[in-house]
Each structure stands twice: as structure tokens, then as C-alpha cells.
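Below: one structure, written as C-alpha cells.
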Amino acid sequence: MTHTLTLPRSVEWKETFISLLDQQLLPNTVEYIKLHTLQDVWDAIVTLKVRGAPAIGITAAFGLALSLQNYDVQTIEEFKKKLHADKEFLASSRPTAVNLFWALERVVNSINNAISINEAKTLVIHEAIQIQAEDEATCYRIGDYALSLFNKHDRVMTICNAGSIATAYYGTALAPFHISKERDIPLKVFACETRPVLQGSRLTAWELQKSGVDVTLITDSMAAHTIKTKGINAIIVGADRIAANGDTANKIGTYGLALLAKAFNIPFYVAAPKSTFDLSIASGAEIPIEERSAKEITHIGDVQVAPDNISVYNPAFDVTPSEFITAIITEHGIIHSPSVDTIKLVLN
Ligand SMILES: CSC[C@H]1O[C@H](OP(=O)(O)O)[C@H](O)[C@@H]1O
């Protein structure tokens, strides 16, 4: 028997505004806010009201489609100049997830041959809608491929949230779990809470529980003990930027899980769309790692949990070398033992 899924969506295009699920309020409050300006979109990305590489790219694309409705320009050249400036502004919001830059570039390039302002406006809106629609189909394919790697009763660990709300729908690393419910496959998930922003406890636990998936929440420090005592069969994570050799940037803590997977001799999978690959960089050494505010670590909500004036280091991502990655699961197929050659083979 199959179950019909109804998963939460991160963002919706409403023509005169963007409807956004405010992920900072989850899991206690499910609230969709209205974004009316480019500044609203920039703020939403910077403050993680929307987060997750594909969801950031989709929201930024809709941000351009929203902003152009207020352009006071007379020529297509002026239009293109303003759109480029808006693109640069949104590109300054977060540095690591390549989907942001990929989506912005794709929208701006969509009007390269436009000869009128009206034509350009239509093309931008169409391209942004296309990006979201394609990502939903992409995530389903990733989930389908990922599911083929698991056995029916596997216990799988994950970190952060690479779920439906981090993408257009379904998610990447969480897609197999959602789809497993559609197919009555009883996978069990162990979700790391993912300090400091708690995307695991606040978002993944919430999302999987809503979907009816068997999910157990652990703290990040429990990962090794849980793998040993709970018989974890595999680890699957999302990605924010993958270099040409397969080195992968993902939420901080991911690299540690990859090392644990090696130590326990269990597979470590990365689930990511082609749009998360940055083939312009040779290795993970070139991936910019976002550092966020100290308050994310010294406070939990409004409660201070560290002494005043303490030094803090808050990298939001780390890079897992490709040698620790068993396979990268994409919509074009599974890249086993990721390398320059195996990536080219599957993606081209
Ligand atoms: C499907 S991409 C999800 C990816 O993005 C997360 O980072 P953030 O919550 O800071 O945007 C994390 O790295 C996830 O794996």
C-alpha cells in the first residue's frame, strides 16, 4: 500500500509577493511570511528564515522576479543593469551554498537575448518558476536513487536538514525517507540535533515526524556511541557546494560523521543535485566557509549559555574530502567513489 505524501513547502511565488515558511520559528510555530522587497529576501536568507542550498537559490530567483516589478527604466539596457545589480546584492547574502549563485546566474542569463522590457520581465519570472519545478522533480529522482542503496530495515543517520523545506519539495538527504513512507519501507532515521542552529532537532525531526517516518533525535556528541550501540547501517547528508574532485561542503559536523563512517566501516552518502556541483573549483580548499555570529553559540534563543566576552569560532560548514565519501547521489545517477572522472561520467 502506498501513502500520498503532503510535505511542507519552503517558498511559494505569489506574483506580487513571495510566501515563505519562516524556518526560524519551527517547530513550535508554522508561519508563512510575505516578502515584498529585495531587502526582505536578503534578510530572510541571511537570518535563515529560509535555508538549505536549493531553497536559497529558489527564493533568490523569486527575489529577482519580485524586484523587477518596481523597476523605473526606459530601455532594456537599463533593465539588465538593474537586474545585475539586484543579483549582486542577493549574492552577498551567504557565501557557501553554490545554488544561490547558480540560480541567480541562470535567471540573469535567461534575458540575454531579450529585446524588450516586457519580454525580459516574463522571461525572469518564467525562469524562477522553472528552477523551482525542476528542483522538485530532481529531489524525487535523488530520493529514488538513494532508496536503492538502503535495505528495507536499515537504520540511517543524518545531520542538519536537507529536507523538503531545504529544497522545492521532498529534499535531498531526506527524500529517501519521505519516499520510503510512500512505499511502506520501514527505514529508521537517527537525526543529529545540529548545533548551534539546531536544524536537526527543529527541522528534520519535525519534518520526518510529520511524514510518519520513524525518527530518533540525538545530540551531535552522541553520534559515535549511537552508531555503535544502535547498529547504524549508513549515513546520508546534504551538500552546499561540491568541488570538481568531489570534496563536499556541508553543515558543520558533517566531516566528523564521515570520519566515523570510515572508522565503523559503514557507507557515507552525499545527496545533492547537479546544481550543487561547482566544477569551476578543483577541490574543497577553494570553497568559502561562512562564519556566523558568536551569539548562535553563546545563546540558545534568549538564554545565555556561555560567559560574557568569550572567544567564539562559528564556522557554519565544513568540507569532507571525497576519499571519505562512498557515493554522491544525484538526479542523474549515483557517483560511486567520487572523483573528477567519476563525476564527469555521471553528470555529463
Ligand atoms: C539540501 S541543502 C541543505 C543543506 O543546507 C544546510 O545549511 P543551512 O541550514 O546553513 O542552509 C545544510 O548544510 C544542509 O545539508
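Peptides 21-33, 233-245, 203-215, 38-50, ordered by how many other C-beta atoms sit within 10 Å of their residues on average, highest first, read 233-245, 203-215, 38-50, 21-33.
Average accessible surface for the chain: 42 Å² per residue, computed with a 1.4 Å probe over protein heavy atoms with every protein chain in place.
Shape analysis of segment 194-348 yields a ratio of the Cα radius of gyration to the Kirkwood radius, Rg/Rh, of 1.00.
Overall dimensions of the chain, expressed as equivalent-ellipsoid semi-axes from the Cα gyration tensor (√(5λ), whole Å, largest first), are 33, 23, 20. In segment 151-347, the DSSP beta bridges split such that about 40 percent are antiparallel, to the nearest 5. The value obtained for segment 11-138, namely the Cα convex hull volume divided by the number of residues, is 95 Å³ per residue. Highest average first, the peptides 291-298, 190-197, 53-60, 84-91 ordered by how many other beta carbon atoms sit within 10 Å of their residues are 53-60, 190-197, 84-91, 291-298. Indicate, rounded to the nearest 5 percent, the antiparallel portion of the DSSP beta bridges found entirely in the chain. Once the DSSP bridges in the chain are tallied, antiparallel ones form about 50 percent. When the chain is treated as a GNM, springs tying every alpha-carbon pair under 10 Å, which of PHE268, PHE177, PHE17 comes out with the largest mean-square fluctuation? Maximum among the listed residues: PHE17. Summarise the accessible area of the chain (1.4 Å probe, protein heavy atoms) by the percent that is carbon and sulfur. The value for the chain is 52 percent carbon and sulfur by accessible area.
A probe of 1.4 angstrom, applied to the heavy atoms of all protein chains, finds TYR255 with accessible area near 80 square angstrom.
The Kirkwood hydrodynamic radius of segment 199-274, based on inverse pair distances between different Cα atoms, is 13.6 Å. Annotation: peptides 152-162, 318-328, 72-82, ranked by per-residue average of other Cβ atoms within 10 Å with the highest first, follow the order 152-162, 318-328, 72-82. Label-to-label distance, ARG183 versus THR29, with points set 7 angstrom from Cα along the beta-carbon direction: 3.9 nm. Contact order for the chain, expressed relative to its length and based on alpha carbon pairs under 8 Å spaced 6+ residues apart, stands at 16 percent. Here segment 215-259 is treated as a Stokes sphere of Kirkwood radius computed over C-alpha pairs; at 37 °C and 0.692 mPa s its diffusion coefficient rounds to 275 µm²/s.
The values are calculated or read from the model by the stated rules, or taken from the named source; none is laboratory data. Here the structure is a predicted model, which is why all the values come from computation and not from measurement. Cβ coordinates were reconstructed from backbone atoms using ideal geometry, including for glycine residues, and neighbour counts include every protein chain displayed. Each accessible area value is taken on the protein alone, full model and side chains, heavy atoms only, with ligands, DNA and RNA left out. Shrake-Rupley method; radii C 1.70, N 1.55, O 1.52, S 1.80 Å.
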